1. State the Kirkwood hydrodynamic radius of the stretch 3-48 in Å, one decimal place, computed from all pairs of distinct Cα atoms.
2. Report the gain in length on full extension from Ser82 to Cys30: 0.36 nm times residue separation, minus Cα-Cα distance, nm rounded to one decimal.
3. Let's test this: bin the Cα-Cα distances of the stretch 1-121 at 10 Å from zero up to the farthest pair and state each bin's percent.
Amino acid sequence: MLRAIRKSDGETVEAWSQKESAGPFSCPSCGGEVILHSGRRRLEHFAHTPERACRFDLGESENHRRCKAEIWVCLANAPHVSDVQLERPLGDVRADVSANVNGVPVAFEVQLSNLSLEDIIRRTKEYARRGIGVRLEQTSSGSAAGRASPRQMLGKLRAGRASRRRGKRG
């Protein structure tokens with residue numbers, strides 16, 4: 001996951017903006033402890049401790065995390081888009097990325113795994129019940145998100161966050 005709650009102040013934070021010393025961190029969905037993972041070959045992210053089970057801990061691939069981050073960056077800087085959020089919990093579902101596009105709530109789901117048709121239908125019905133449109137992004141490992149290095153992606157993420165702080169979007 002790319003977001004967690006910093007226990008010291010209760011603020012929801014993105015992994016790329018934190019250092020391990022800022023922890024401990026907790027999962028926004030289950031409240032369990034999560035650990036910040038970083039490295040030169042992968043995008044910073046949080047993971048549950050081994051003893052913790054969470055229904056949203058799906059063991060996302062590096063490509064999945066990068067694709068979510070790239071969608072977030074694009075939306076954060078797009079006109080007529082507000083309330084952009086990574087991993088927004090919505091009851092029984094958690095949108096990879098969500099936003100209001102021209103005033104309409106939309107959930108963006110990245111599909112890189114072999115999710116069952118039943119699960120896709122269940123999630124889509126839950127979004128519809130909440131009045132949220134769904135955009136399913138099915139990509140391959142050759143996507144732009146898969147080609148960017150962690151340092152390049154980190155630069156994009158920080159630039160997106162900075163523009164949101166200046167009030168351009170969000």
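Quick note: the coordinates plus some simple rules give every number you see, no bench work behind them. Nothing here was measured: the structure is a model prediction, and the numbers come from that model.
1. Every distinct Cα pair counted, the radius reaches 10.3 Å.
2. On the way: separation 52, 0.36 × 52 = 18.72 nm, distance 2.62 nm.
Answer, rounded to one decimal: 16.1 nm.
3. For the stretch 1-121, the binned pair fractions read 12, 43, 36, 9, 0 percent.
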